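*Asks:* Would you mind keeping the following structure in view while I ask a few things?
The values are calculated or read from the model by the stated rules, or taken from the named source; none is laboratory data. The structure displayed is predicted, hence computed values, not measured ones. Using ideal geometry, Cβ is built from the backbone for each residue, glycine included, and neighbour counts are taken over all protein chains shown. Note: accessible area is taken over every heavy atom of the protein model, side chains too, but ligands, DNA and RNA are not part of it. Shrake-Rupley method; radii C 1.70, N 1.55, O 1.52, S 1.80 Å.
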Amino acid sequence: MADQDSISTRISPDCLPETQRVLTAAWSHDIEAIKKFLDVPGKASCQDPQTGETPLHAAIRSCGAPSEDDTPEDLEAAKKTVYELLLWGGIWNDLDDHNETPGCVARRLGRTELYILCVEAGVRAEMLFGLLDGYEELSSGDAEDDDNDEGMGDANGQVEDGDEAPELVDVDGQETDGAPEVAETPTFQRLALESQQDVKSEEYLRSKLTYSDGKLVDDAGNGVMMAWESDIMRQSVDALLPGKEPGKRILNIGFGMGIIDTMFAETKPARHHIIEAHPEVLEHISAPDSKFGSSWEASAQEPGAFKVHKGKWQEICQQLLEEDQVYDVIYFDTFGEDYAQLRLFFTDFIPGLLDSQGCFGFFNGLGGDRKICYDVYTKVAEMHLLDAGLDVDWKVIEVNMEELAEAGKGEWEGVKRRYWTLDGNLAEYRLPTCTFLG
Ligand SMILES: C[S@@+](CC[C@H](N)C(=O)[O-])C[C@H]1O[C@@H](n2cnc3c(N)ncnc32)[C@H](O)[C@@H]1O
(Lines give C-alpha, C1' and ligand atoms only; values in the text may rest on other atoms or scores of the structure.)
Protein backbone atom coordinates (compact mmCIF):
# COMPACT_ATOMS: atom_id res chain seq x y z
CA MET A 1 0.00 0.00 0.00
CA ALA A 2 3.08 2.25 0.41
CA ASP A 3 2.94 3.53 -3.15
CA GLN A 4 -0.77 4.21 -2.91
CA ASP A 5 -0.06 6.34 0.12
CA SER A 6 2.49 8.64 -1.54
CA ILE A 7 1.82 12.33 -1.97
CA SER A 8 2.09 12.14 -5.75
CA THR A 9 -0.61 9.47 -5.88
CA ARG A 10 -2.91 11.23 -3.47
CA ILE A 11 -2.82 14.81 -4.73
CA SER A 12 -3.80 14.56 -8.36
CA PRO A 13 -2.89 16.96 -11.18
CA ASP A 14 -6.61 17.73 -11.58
CA CYS A 15 -6.71 19.17 -8.11
CA LEU A 16 -7.34 22.91 -8.05
CA PRO A 17 -4.32 24.91 -6.88
CA GLU A 18 -6.20 26.19 -3.85
CA THR A 19 -7.05 22.64 -2.72
CA GLN A 20 -3.53 21.45 -3.53
CA ARG A 21 -2.09 24.12 -1.26
CA VAL A 22 -4.28 23.05 1.67
CA LEU A 23 -3.58 19.35 1.12
CA THR A 24 0.16 19.92 0.82
CA ALA A 25 0.26 22.01 3.98
CA ALA A 26 -1.68 19.31 5.81
CA TRP A 27 0.60 16.61 4.40
CA SER A 28 3.69 18.40 5.74
CA HIS A 29 2.05 19.36 9.05
CA ASP A 30 2.73 23.01 8.35
CA ILE A 31 0.42 24.40 11.00
CA GLU A 32 1.15 28.06 10.29
CA ALA A 33 0.24 27.64 6.62
CA ILE A 34 -2.83 25.57 7.47
CA LYS A 35 -4.15 28.15 9.92
CA LYS A 36 -4.04 30.78 7.19
CA PHE A 37 -6.20 28.63 4.93
CA LEU A 38 -8.63 27.40 7.50
CA ASP A 39 -10.47 30.56 8.44
CA VAL A 40 -12.27 30.16 5.12
CA PRO A 41 -15.33 27.93 5.56
CA GLY A 42 -15.05 24.57 3.87
CA LYS A 43 -11.28 24.51 3.51
CA ALA A 44 -10.74 21.95 6.25
CA SER A 45 -12.94 19.54 4.34
CA CYS A 46 -11.90 20.25 0.77
CA GLN A 47 -11.22 17.15 -1.31
CA ASP A 48 -9.06 16.10 -4.22
CA PRO A 49 -11.56 15.36 -7.01
CA GLN A 50 -9.78 12.18 -8.13
CA THR A 51 -8.59 10.61 -4.89
CA GLY A 52 -11.05 12.07 -2.40
CA GLU A 53 -8.06 13.05 -0.25
CA THR A 54 -9.03 15.56 2.44
CA PRO A 55 -6.58 17.52 4.58
CA LEU A 56 -7.28 15.07 7.42
CA HIS A 57 -6.44 12.07 5.22
CA ALA A 58 -3.27 13.86 4.10
CA ALA A 59 -2.12 14.82 7.59
CA ILE A 60 -2.54 11.23 8.79
CA ARG A 61 -1.33 9.41 5.69
CA SER A 62 1.93 11.35 5.49
CA CYS A 63 2.97 9.87 8.86
CA GLY A 64 3.23 6.40 7.30
CA ALA A 65 3.55 3.42 9.62
CA PRO A 66 5.47 3.95 12.88
CA SER A 67 9.22 3.62 12.32
CA GLU A 68 12.51 4.13 14.08
CA ASP A 69 12.91 7.45 12.29
CA ASP A 70 9.87 8.94 14.01
CA THR A 71 10.62 11.71 16.45
CA PRO A 72 8.30 12.86 19.24
CA GLU A 73 8.22 16.26 17.48
CA ASP A 74 6.92 14.62 14.28
CA LEU A 75 4.10 12.95 16.13
CA GLU A 76 3.29 16.12 18.03
CA ALA A 77 3.10 18.09 14.78
CA ALA A 78 0.83 15.45 13.22
CA LYS A 79 -1.47 15.49 16.25
CA LYS A 80 -1.62 19.29 16.27
CA THR A 81 -2.42 19.35 12.57
CA VAL A 82 -5.20 16.79 12.90
CA TYR A 83 -6.56 18.59 15.93
CA GLU A 84 -6.51 21.94 14.13
CA LEU A 85 -8.23 20.50 11.07
CA LEU A 86 -10.96 18.96 13.20
CA LEU A 87 -11.40 22.22 15.05
CA TRP A 88 -11.99 24.00 11.78
CA GLY A 89 -14.50 21.57 10.40
CA GLY A 90 -12.49 18.65 9.04
CA ILE A 91 -14.99 15.81 8.68
CA TRP A 92 -14.18 12.66 10.58
CA ASN A 93 -16.12 10.32 8.27
CA ASP A 94 -15.28 11.64 4.79
CA LEU A 95 -14.43 8.79 2.44
CA ASP A 96 -11.55 8.73 0.01
CA ASP A 97 -11.41 6.69 -3.19
CA HIS A 98 -10.26 3.64 -1.23
CA ASN A 99 -13.36 3.82 0.91
CA GLU A 100 -11.31 4.92 3.89
CA THR A 101 -12.11 7.65 6.39
CA PRO A 102 -9.13 9.50 7.90
CA GLY A 103 -9.56 7.30 10.98
CA CYS A 104 -9.44 4.15 8.83
CA VAL A 105 -6.11 5.34 7.40
CA ALA A 106 -4.78 6.02 10.92
CA ARG A 107 -5.79 2.59 12.05
CA ARG A 108 -4.38 0.82 9.00
CA LEU A 109 -1.06 2.61 9.51
CA GLY A 110 -1.02 1.79 13.22
CA ARG A 111 -1.24 5.46 14.26
CA THR A 112 -3.30 4.90 17.37
CA GLU A 113 -3.11 8.42 18.77
CA LEU A 114 -4.37 9.90 15.51
CA TYR A 115 -7.07 7.23 15.33
CA ILE A 116 -8.26 8.23 18.79
CA LEU A 117 -8.46 11.89 17.73
CA CYS A 118 -10.73 10.83 14.86
CA VAL A 119 -12.93 8.71 17.15
CA GLU A 120 -13.26 11.62 19.58
CA ALA A 121 -14.24 13.92 16.73
CA GLY A 122 -16.85 11.38 15.60
CA VAL A 123 -18.29 11.19 19.10
CA ARG A 124 -18.51 14.99 19.33
CA ALA A 125 -20.20 15.22 15.94
CA GLU A 126 -22.69 12.44 16.66
CA MET A 127 -23.53 13.84 20.09
CA LEU A 128 -24.22 17.16 18.41
CA PHE A 129 -26.47 15.50 15.83
CA GLY A 130 -28.24 13.82 18.72
CA LEU A 131 -28.96 17.22 20.25
CA LEU A 132 -30.16 18.46 16.89
CA ASP A 133 -32.09 15.24 16.31
CA GLY A 134 -30.23 14.82 13.07
CA TYR A 135 -29.43 11.12 12.80
CA GLU A 136 -31.63 10.50 9.83
CA GLU A 137 -30.34 13.47 7.90
CA LEU A 138 -26.72 12.52 8.30
CA SER A 139 -27.32 9.19 6.66
CA SER A 140 -29.20 10.60 3.68
CA GLY A 141 -26.15 10.42 1.43
CA ASP A 142 -27.72 13.37 -0.39
CA ALA A 143 -25.23 16.12 -0.99
CA GLU A 144 -27.80 18.88 -0.50
CA ASP A 145 -28.99 17.46 2.77
CA ASP A 146 -25.51 16.79 3.97
CA ASP A 147 -24.34 20.35 3.51
CA ASN A 148 -25.37 21.37 6.95
CA ASP A 149 -24.87 18.06 8.62
CA GLU A 150 -21.22 18.18 9.38
CA GLY A 151 -21.27 20.35 12.41
CA MET A 152 -18.58 22.96 12.08
CA GLY A 153 -17.80 22.07 8.51
CA ASP A 154 -19.29 23.67 5.45
CA ALA A 155 -18.12 21.77 2.45
CA ASN A 156 -18.93 24.31 -0.20
CA GLY A 157 -18.35 27.69 1.34
CA GLN A 158 -17.04 30.78 -0.37
CA VAL A 159 -13.33 31.47 -0.57
CA GLU A 160 -11.64 34.76 0.25
CA ASP A 161 -12.91 38.00 -1.17
CA GLY A 162 -16.04 36.47 -2.54
CA ASP A 163 -14.27 34.19 -5.03
CA GLU A 164 -16.27 31.10 -5.81
CA ALA A 165 -15.23 28.01 -3.95
CA PRO A 166 -13.43 25.55 -6.19
CA GLU A 167 -15.84 23.38 -8.11
CA LEU A 168 -15.13 19.79 -7.36
CA VAL A 169 -15.81 16.86 -9.57
CA ASP A 170 -16.45 13.41 -8.23
CA VAL A 171 -14.50 10.33 -9.22
CA ASP A 172 -16.79 9.78 -12.18
CA GLY A 173 -15.91 13.19 -13.46
CA GLN A 174 -19.30 14.64 -12.50
CA GLU A 175 -19.38 18.11 -11.07
CA THR A 176 -20.30 18.18 -7.42
CA ASP A 177 -21.03 21.02 -5.08
CA GLY A 178 -18.01 20.06 -3.04
CA ALA A 179 -19.96 18.09 -0.47
CA PRO A 180 -17.81 15.04 0.20
CA GLU A 181 -19.12 11.53 0.59
CA VAL A 182 -19.22 10.44 4.16
CA ALA A 183 -19.36 7.02 5.72
CA GLU A 184 -22.85 6.70 7.04
CA THR A 185 -22.91 6.03 10.71
CA PRO A 186 -26.26 6.29 12.34
CA THR A 187 -28.32 3.54 10.76
CA PHE A 188 -29.15 1.12 13.49
CA GLN A 189 -28.70 -2.58 13.71
CA ARG A 190 -28.05 -5.10 11.06
CA LEU A 191 -27.91 -2.84 8.08
CA ALA A 192 -24.71 -2.32 6.19
CA LEU A 193 -24.03 1.23 7.16
CA GLU A 194 -22.64 2.16 3.81
CA SER A 195 -25.49 0.63 1.95
CA GLN A 196 -26.89 2.68 -0.88
CA GLN A 197 -30.24 1.11 -0.30
CA ASP A 198 -31.38 1.96 3.16
CA VAL A 199 -33.96 -0.36 4.63
CA LYS A 200 -36.62 1.74 6.28
CA SER A 201 -38.74 0.36 9.04
CA GLU A 202 -42.13 0.74 7.31
CA GLU A 203 -40.77 -0.71 4.09
CA TYR A 204 -39.28 -3.65 5.98
CA LEU A 205 -42.51 -4.34 7.86
CA ARG A 206 -44.30 -4.62 4.50
CA SER A 207 -41.64 -6.80 2.89
CA LYS A 208 -41.91 -10.54 2.21
CA LEU A 209 -39.67 -12.64 4.39
CA THR A 210 -38.08 -16.00 3.81
CA TYR A 211 -37.09 -18.37 6.58
CA SER A 212 -34.55 -20.85 5.29
CA ASP A 213 -31.90 -22.92 6.97
CA GLY A 214 -30.09 -20.69 9.33
CA LYS A 215 -31.37 -17.32 8.21
CA LEU A 216 -34.24 -14.91 7.89
CA VAL A 217 -34.01 -12.71 4.80
CA ASP A 218 -36.32 -9.99 3.45
CA ASP A 219 -37.46 -9.78 -0.19
CA ALA A 220 -34.58 -7.48 -1.10
CA GLY A 221 -32.13 -10.10 0.15
CA ASN A 222 -31.19 -8.26 3.34
CA GLY A 223 -30.26 -10.53 6.22
CA VAL A 224 -32.65 -9.88 9.10
CA MET A 225 -31.26 -12.57 11.42
CA MET A 226 -28.74 -15.32 10.93
CA ALA A 227 -27.93 -18.44 12.88
CA TRP A 228 -24.27 -17.46 13.33
CA GLU A 229 -25.53 -14.91 15.83
CA SER A 230 -26.66 -17.69 18.17
CA ASP A 231 -23.45 -17.35 20.14
CA ILE A 232 -24.07 -13.62 20.63
CA MET A 233 -27.62 -14.44 21.75
CA ARG A 234 -26.33 -17.14 24.11
CA GLN A 235 -23.79 -14.79 25.64
CA SER A 236 -26.42 -12.05 25.91
CA VAL A 237 -28.67 -14.38 27.90
CA ASP A 238 -25.70 -15.38 30.09
CA ALA A 239 -24.93 -11.71 30.78
CA LEU A 240 -28.53 -10.72 31.47
CA LEU A 241 -29.40 -13.79 33.54
CA PRO A 242 -26.08 -14.98 34.95
CA GLY A 243 -27.54 -17.47 37.45
CA LYS A 244 -30.33 -18.57 35.06
CA GLU A 245 -32.68 -18.37 38.04
CA PRO A 246 -36.18 -19.48 37.17
CA GLY A 247 -39.17 -17.23 37.83
CA LYS A 248 -37.86 -14.06 36.15
CA ARG A 249 -40.00 -11.57 34.24
CA ILE A 250 -38.62 -11.27 30.71
CA LEU A 251 -39.48 -8.96 27.81
CA ASN A 252 -37.94 -9.56 24.37
CA ILE A 253 -38.46 -7.11 21.54
CA GLY A 254 -38.01 -8.61 18.06
CA PHE A 255 -38.64 -12.36 17.60
CA GLY A 256 -36.69 -12.93 14.36
CA MET A 257 -35.73 -16.61 14.40
CA GLY A 258 -36.76 -17.01 18.03
CA ILE A 259 -33.19 -17.86 18.99
CA ILE A 260 -33.02 -15.71 22.10
CA ASP A 261 -36.63 -16.47 23.03
CA THR A 262 -35.86 -20.20 22.98
CA MET A 263 -32.95 -19.55 25.33
CA PHE A 264 -35.04 -17.32 27.59
CA ALA A 265 -37.82 -19.95 27.69
CA GLU A 266 -35.28 -22.57 28.86
CA THR A 267 -34.66 -20.50 32.02
CA LYS A 268 -38.31 -21.11 33.03
CA PRO A 269 -39.43 -17.52 33.49
CA ALA A 270 -42.55 -16.56 35.41
CA ARG A 271 -43.41 -14.06 32.72
CA HIS A 272 -42.17 -14.09 29.13
CA HIS A 273 -43.45 -11.40 26.80
CA ILE A 274 -42.40 -11.06 23.18
CA ILE A 275 -43.12 -8.06 20.96
CA GLU A 276 -43.11 -8.62 17.22
CA ALA A 277 -44.44 -6.41 14.42
CA HIS A 278 -43.83 -8.22 11.12
CA PRO A 279 -46.97 -10.08 9.90
CA GLU A 280 -44.94 -12.93 8.43
CA VAL A 281 -42.90 -13.42 11.57
CA LEU A 282 -46.19 -13.48 13.48
CA GLU A 283 -47.52 -16.09 11.06
CA HIS A 284 -44.36 -18.14 11.61
CA ILE A 285 -44.86 -17.85 15.38
CA SER A 286 -48.43 -19.11 15.19
CA ALA A 287 -47.64 -22.05 12.86
CA PRO A 288 -48.60 -25.46 14.34
CA ASP A 289 -44.96 -26.51 14.86
CA SER A 290 -43.95 -23.23 16.55
CA LYS A 291 -42.62 -23.28 20.11
CA PHE A 292 -44.27 -19.95 20.83
CA GLY A 293 -47.77 -20.51 19.49
CA SER A 294 -51.06 -20.68 21.39
CA SER A 295 -50.14 -23.80 23.37
CA TRP A 296 -47.07 -22.03 24.72
CA GLU A 297 -49.22 -19.06 25.71
CA ALA A 298 -51.70 -21.41 27.39
CA SER A 299 -48.94 -23.22 29.29
CA ALA A 300 -48.26 -20.23 31.59
CA GLN A 301 -49.20 -20.54 35.23
CA GLU A 302 -51.04 -17.25 35.10
CA PRO A 303 -53.13 -16.03 32.17
CA GLY A 304 -51.20 -13.60 30.00
CA ALA A 305 -47.83 -14.46 31.55
CA PHE A 306 -46.56 -15.99 28.30
CA LYS A 307 -47.59 -13.77 25.45
CA VAL A 308 -46.65 -12.61 21.97
CA HIS A 309 -47.70 -8.98 21.66
CA LYS A 310 -48.49 -8.32 18.02
CA GLY A 311 -47.48 -4.88 16.84
CA LYS A 312 -44.72 -2.32 16.91
CA TRP A 313 -42.86 -1.93 20.18
CA GLN A 314 -43.44 1.83 19.94
CA GLU A 315 -47.15 1.19 20.57
CA ILE A 316 -47.06 -2.01 22.62
CA CYS A 317 -44.56 -0.62 25.13
CA GLN A 318 -46.87 2.33 25.73
CA GLN A 319 -49.64 -0.14 26.62
CA LEU A 320 -47.30 -2.14 28.86
CA LEU A 321 -46.38 1.04 30.71
CA GLU A 322 -50.05 1.86 31.18
CA GLU A 323 -50.58 -1.66 32.58
CA ASP A 324 -47.66 -1.11 35.01
CA GLN A 325 -45.81 -4.14 33.68
CA VAL A 326 -42.27 -4.39 35.04
CA TYR A 327 -39.53 -6.81 33.93
CA ASP A 328 -36.30 -8.18 35.38
CA VAL A 329 -34.74 -8.63 31.95
CA ILE A 330 -35.37 -6.69 28.75
CA TYR A 331 -33.69 -7.44 25.42
CA PHE A 332 -34.06 -5.25 22.33
CA ASP A 333 -33.17 -6.44 18.83
CA THR A 334 -35.24 -5.06 15.97
CA PHE A 335 -34.49 -4.55 12.29
CA GLY A 336 -34.64 -1.60 9.90
CA GLU A 337 -34.72 1.00 12.65
CA ASP A 338 -32.18 3.74 13.22
CA TYR A 339 -30.20 4.56 16.33
CA ALA A 340 -32.71 7.24 17.31
CA GLN A 341 -35.27 4.45 17.91
CA LEU A 342 -32.96 2.51 20.20
CA ARG A 343 -32.23 5.70 22.09
CA LEU A 344 -35.94 6.49 22.32
CA PHE A 345 -36.51 3.01 23.73
CA PHE A 346 -33.95 3.21 26.51
CA THR A 347 -34.68 6.83 27.33
CA ASP A 348 -38.48 6.77 27.33
CA PHE A 349 -39.42 3.17 28.09
CA ILE A 350 -36.66 1.47 30.06
CA PRO A 351 -37.14 3.65 33.17
CA GLY A 352 -40.77 2.55 33.44
CA LEU A 353 -40.50 -1.05 32.26
CA LEU A 354 -37.30 -2.27 33.92
CA ASP A 355 -37.24 -3.30 37.58
CA SER A 356 -34.83 -1.17 39.65
CA GLN A 357 -32.56 -4.24 39.98
CA GLY A 358 -33.18 -5.42 36.42
CA CYS A 359 -30.90 -5.73 33.37
CA PHE A 360 -31.33 -4.39 29.87
CA GLY A 361 -29.44 -5.57 26.78
CA PHE A 362 -29.58 -4.88 23.07
CA PHE A 363 -28.05 -6.21 19.88
CA ASN A 364 -25.09 -3.94 19.36
CA GLY A 365 -24.71 -3.72 15.60
CA LEU A 366 -24.25 0.03 15.60
CA GLY A 367 -21.63 0.86 12.99
CA GLY A 368 -20.90 -2.84 12.59
CA ASP A 369 -19.32 -2.61 9.18
CA ARG A 370 -16.58 -0.11 9.94
CA LYS A 371 -14.35 -0.19 12.98
CA ILE A 372 -14.27 3.57 13.53
CA CYS A 373 -18.08 3.80 13.33
CA TYR A 374 -18.35 0.94 15.80
CA ASP A 375 -15.96 2.70 18.18
CA VAL A 376 -17.77 6.03 17.80
CA TYR A 377 -21.17 4.45 18.38
CA THR A 378 -20.02 2.50 21.42
CA LYS A 379 -19.08 5.82 23.01
CA VAL A 380 -22.18 7.67 21.83
CA ALA A 381 -24.50 4.93 23.09
CA GLU A 382 -22.63 4.83 26.39
CA MET A 383 -23.09 8.57 26.90
CA HIS A 384 -26.77 8.48 25.97
CA LEU A 385 -27.33 5.48 28.26
CA LEU A 386 -25.71 7.42 31.06
CA ASP A 387 -28.02 10.33 30.29
CA ALA A 388 -30.93 7.91 30.67
CA GLY A 389 -29.64 6.85 34.11
CA LEU A 390 -28.06 3.58 32.93
CA ASP A 391 -24.64 2.20 33.54
CA VAL A 392 -23.33 -0.05 30.78
CA ASP A 393 -20.89 -2.90 31.01
CA TRP A 394 -19.38 -4.01 27.68
CA LYS A 395 -18.30 -7.60 27.37
CA VAL A 396 -16.03 -8.17 24.41
CA ILE A 397 -16.82 -11.26 22.36
CA GLU A 398 -14.72 -12.42 19.47
CA VAL A 399 -16.71 -13.12 16.32
CA ASN A 400 -14.86 -15.39 13.93
CA MET A 401 -15.03 -13.55 10.64
CA GLU A 402 -13.07 -16.09 8.62
CA GLU A 403 -16.11 -18.23 7.97
CA LEU A 404 -18.25 -15.19 7.33
CA ALA A 405 -15.66 -13.69 5.05
CA GLU A 406 -17.40 -13.12 1.75
CA ALA A 407 -20.87 -11.95 0.92
CA GLY A 408 -22.81 -14.65 -0.89
CA LYS A 409 -20.65 -17.46 0.46
CA GLY A 410 -20.90 -19.77 3.42
CA GLU A 411 -23.26 -18.42 6.05
CA TRP A 412 -24.01 -15.43 3.88
CA GLU A 413 -25.23 -17.43 0.89
CA GLY A 414 -28.38 -15.83 -0.48
CA VAL A 415 -27.83 -12.68 1.55
CA LYS A 416 -27.26 -9.62 -0.56
CA ARG A 417 -25.47 -7.45 1.95
CA ARG A 418 -23.37 -8.25 4.90
CA TYR A 419 -24.26 -6.30 7.98
CA TRP A 420 -21.32 -7.33 10.06
CA THR A 421 -18.07 -6.71 8.28
CA LEU A 422 -15.54 -5.42 10.76
CA ASP A 423 -12.18 -6.24 9.27
CA GLY A 424 -9.75 -8.89 10.38
CA ASN A 425 -10.52 -12.55 10.90
CA LEU A 426 -11.62 -11.98 14.43
CA ALA A 427 -13.87 -9.02 15.04
CA GLU A 428 -14.88 -7.74 18.42
CA TYR A 429 -18.53 -7.62 19.32
CA ARG A 430 -19.21 -5.44 22.34
CA LEU A 431 -22.07 -6.94 24.26
CA PRO A 432 -23.87 -4.39 26.43
CA THR A 433 -25.43 -5.12 29.82
CA CYS A 434 -27.16 -2.10 31.30
CA THR A 435 -28.34 -1.55 34.86
CA PHE A 436 -29.65 1.52 36.65
CA LEU A 437 -26.95 3.75 38.09
CA GLY A 438 -26.21 3.12 41.79
C1 LIG B 1 -32.93 -9.33 14.11
S2 LIG B 1 -34.49 -9.94 14.39
C3 LIG B 1 -34.45 -10.46 16.07
C4 LIG B 1 -33.69 -11.72 16.24
C5 LIG B 1 -33.85 -12.35 17.61
N6 LIG B 1 -33.04 -11.67 18.59
C7 LIG B 1 -33.46 -13.82 17.59
O8 LIG B 1 -32.74 -14.25 18.51
O9 LIG B 1 -33.87 -14.53 16.67
C10 LIG B 1 -35.45 -8.49 14.47
C11 LIG B 1 -36.92 -8.68 14.66
O12 LIG B 1 -37.51 -7.43 15.04
C13 LIG B 1 -38.75 -7.30 14.40
N14 LIG B 1 -39.11 -5.87 14.35
C15 LIG B 1 -38.63 -4.91 13.52
N16 LIG B 1 -39.16 -3.72 13.81
C17 LIG B 1 -40.00 -3.90 14.85
C18 LIG B 1 -40.82 -3.03 15.63
N19 LIG B 1 -40.88 -1.74 15.39
N20 LIG B 1 -41.55 -3.57 16.63
C21 LIG B 1 -41.48 -4.91 16.90
N22 LIG B 1 -40.71 -5.77 16.20
C23 LIG B 1 -39.98 -5.28 15.20
C24 LIG B 1 -38.48 -7.93 13.05
O25 LIG B 1 -39.66 -8.26 12.36
C26 LIG B 1 -37.63 -9.12 13.41
O27 LIG B 1 -38.44 -10.24 13.67
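*Asks:* Can you give the Kirkwood hydrodynamic radius of the stretch 1-59 from its Cα pairs, in Å with one decimal? Walk me through the numbers before you get to the answer.
*Replies:* Details: mean 1/r = 0.0889 Å⁻¹.
In the stretch 1-59 this quantity evaluates to 11.3 Å.
*Asks:* What accessible area per residue comes out for the stretch 201-436, rounded to a whole number of Å², with a 1.4 Å probe?
*Replies:* Values: 9820 Å² over 236 residues.
I get 42 Å² per residue for the stretch 201-436.
*Asks:* Same structure again: Normalising by the residue count of the stretch 201-436, find the relative contact order in percent from Cα pairs under 8 Å and 6+ residues apart.
*Replies:* Working: 393 pairs, mean separation 45.1, N = 236.
Over the stretch 201-436, the number comes to 19 percent.
*Asks:* Please work out the Cα convex hull volume for the stretch 238-369 and give it in Å³ per residue. Write out the running numbers ahead of the final one.
*Replies:* Working: hull volume 14.9 nm³, N = 132.
Given the Cα convex hull of the stretch 238-369, per-residue volume reads 113 Å³.
*Asks:* Report the full-extension gain for the segment Asp238 to His98: residue separation times 0.36 nm, less the Cα-Cα distance, to one decimal in nm. Don't skip to the answer; put the middle values down first.
*Replies:* Values: separation 140, 0.36 × 140 = 50.40 nm, distance 3.98 nm.
Taking 0.36 nm per residue and subtracting the Cα distance, the gain is 46.4 nm.
*Asks:* Still on this structure, please answer the following. Over 31 Å between Cα atoms, which of Lys43/Lys395; Lys208/Lys248; Lys248/Lys291; Lys215/Lys244; Lys80/Lys379; Lys307/Lys371 qualify?
*Replies:* Values: Lys43/Lys395 41 Å; Lys208/Lys248 34 Å; Lys248/Lys291 19 Å; Lys215/Lys244 27 Å; Lys80/Lys379 23 Å; Lys307/Lys371 38 Å.
Cα-Cα > 31 Å for Lys43/Lys395; Lys208/Lys248; Lys307/Lys371; rest within.
*Asks:* If you filter the stretch 14-121 for trypsin sites (Lys or Arg not before Pro), then keep DSSP loop positions with at most 13 other Cβ within 10 Å, what is left?
*Replies:* Working: sites: Arg21, Lys35, Lys36, Lys43, Arg61, Lys79, Lys80, Arg107, Arg108, Arg111; in loops: Arg111.
Qualifying residues, ordered by number: none.
*Asks:* Same structure again: At q = 0.17 Å⁻¹, what base-10 log of I(q)/I(0) does the Debye formula yield for the stretch 201-436 when every alpha carbon is treated as an equal point scatterer in vacuo?
*Replies:* These q points yield log10 I(q)/I(0) values of -1.42.
*Asks:* Now, a different point. Could you tell me what percent of the accessible area of the stretch 220-324 is made up of carbon and sulfur, with a 1.4 Å probe and every protein chain present? Mind dumping the intermediate values first?
*Replies:* Working: 2340 of 4690 Å².
So the carbon and sulfur contribution to the accessible surface is 50 percent.
*Asks:* Could you tell me the calculated FRET efficiency between Gln318 and Ala33, based on Cβ-Cβ distance and R0 = 51 angstrom, to the nearest 0.05? Mind dumping the intermediate values first?
*Replies:* Values: r = 57 Å, r/R0 = 1.12.
Result of the calculation: an efficiency of 0.35.
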